[in-house]
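Worksheet: one structure, shown below.
The values are calculated or read from the model by the stated rules, or taken from the named source; none is laboratory data. Model, not experiment: these values are computed from the prediction. Every residue, glycine among them, receives a Cβ derived from its backbone with ideal geometry; neighbour counts consider all protein chains shown.
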Amino acid sequence: MFESVLSPAVESGSCHLAVLLKTDAELYSVLASFYALGAKRNGWLAHRAVPGEADRDRERLTAHGLAVVALEAEDRLAVVEIDPAEPPERYTDRWEDEMERALERGLTGLWYSRFAIGPDEGVYARVVEFERAWESSFHQRPAVTLCPYVVGELSGSAAMDRLASVSEHHDGVLVAGGAENEFTLFKPE
């Protein structure tokens, strides 16, 4: 889907990106494409699901073409539900350890994404704490991260404000273009 856009951004092996989506309906095709690119590059894939949604996320990713069963059987993909009580300062612990084990097995690094964050400002403000912890732990390490945000319900000015805010703690932001499955990568200055 967006391999040509992502390839230059992920060449270093370390990249923390966001993607702005219009609706939740776009999420799983984007995630399946992202994880497929990670698998193609011999990465270890990690997906965080909302509590109670891991099996449904597996089904959705499979429906969009990702070989979930095969990747899990090869220990190349983990679908893990987030613990709502987990504090931001502990959020990355598991993934740092898992990434090190993946590197020891000869994989190239971590390809990580999660459920989408919607327009709710309170939820967004809480997620920013986790984003900062993630960036602190994985900056310049072999990790490619894609953080999805749904902005279609926001007004034009609120969507622009969200883009500006998301840009502050990401290496780049993917924004859907005019054609279906077309994205443009914007990099903050």
- Say whether the condition of being touching a helix residue (DSSP H, G or I) at 6+ places or on another chain (Cβ under 9 Å), without any contact (Cβ under 8 Å) to a residue 40 or more places away in the chain and over 19 Å from Val30 (Cβ atoms) is met by at least one residue in the range 56-69. yes
- Message: Given the criteria touching a His at 6+ places or on another chain (Cβ under 8 Å) and either surrounded by fewer than 21 Cβ atoms within 10 Å (Cβ to Cβ) or polar (S, T, N, Q) (or both), does Ser14 qualify?
- Response: yes
- Task: Could you give me the residue pairs with C-beta distances under 7 Å whose first residue belongs to the range 111-139 and is closer than 20 Å to Ser155 by Cβ, whose second residue is at pLDDT 90 or above and charged (D, E, K, R) wherever it lies, and which are 6+ apart or on separate chains?
- Result: Ala116/Asp24
- Any chance the range 13-23 includes a residue that's assigned to a loop (DSSP other than H, G, I, E, B) and within 14 Å of the chain's Cα centre (by Cα)? yes
- Can you tell me which of Val123, Val151 is exposed (fewer than 15 other Cβ atoms within 10 Å of the Cβ), of a type outside the set (Gly, Ala, Ser) and touching a strand residue (DSSP E or B) at 6+ places or on another chain (Cβ under 9 Å)? Val123
- Item | Positions within the range 61-72 being surrounded by fewer than 18 Cβ atoms within 10 Å (Cβ to Cβ) and assigned to a helix (DSSP H, G or I), in sequence order | Thr62, Ala63, Val69, Ala70, Glu72
- So Ala32, is it in contact with a helix residue (DSSP H, G or I) (Cβ under 8 Å, 6 or more places away or on another chain), free of Cβ contacts under 8 Å to residues at least 40 places away in the same chain and either buried (at least 20 other Cβ atoms within 10 Å of the Cβ) or among the β-branched types (Val, Ile, Thr) (or both): yes
- Query: So is Gly52 without any contact (Cβ under 8 Å) to a residue 40 or more places away in the chain and either surrounded by 15 or more Cβ atoms within 10 Å (Cβ to Cβ) or not basic (Lys, Arg) (or both) or not?
  - Reply: yes
- Message: Six or more apart or on different chains, Cβ atoms under 7 Å: show the pairs whose first residue is in the range 146-166 and without any contact (Cβ under 8 Å) to a residue 40 or more places away in the chain and whose second is surrounded by fewer than 18 Cβ atoms within 10 Å (Cβ to Cβ) and outside any helix (DSSP H, G or I).
- Response: Glu153/Pro119; Leu154/Pro119
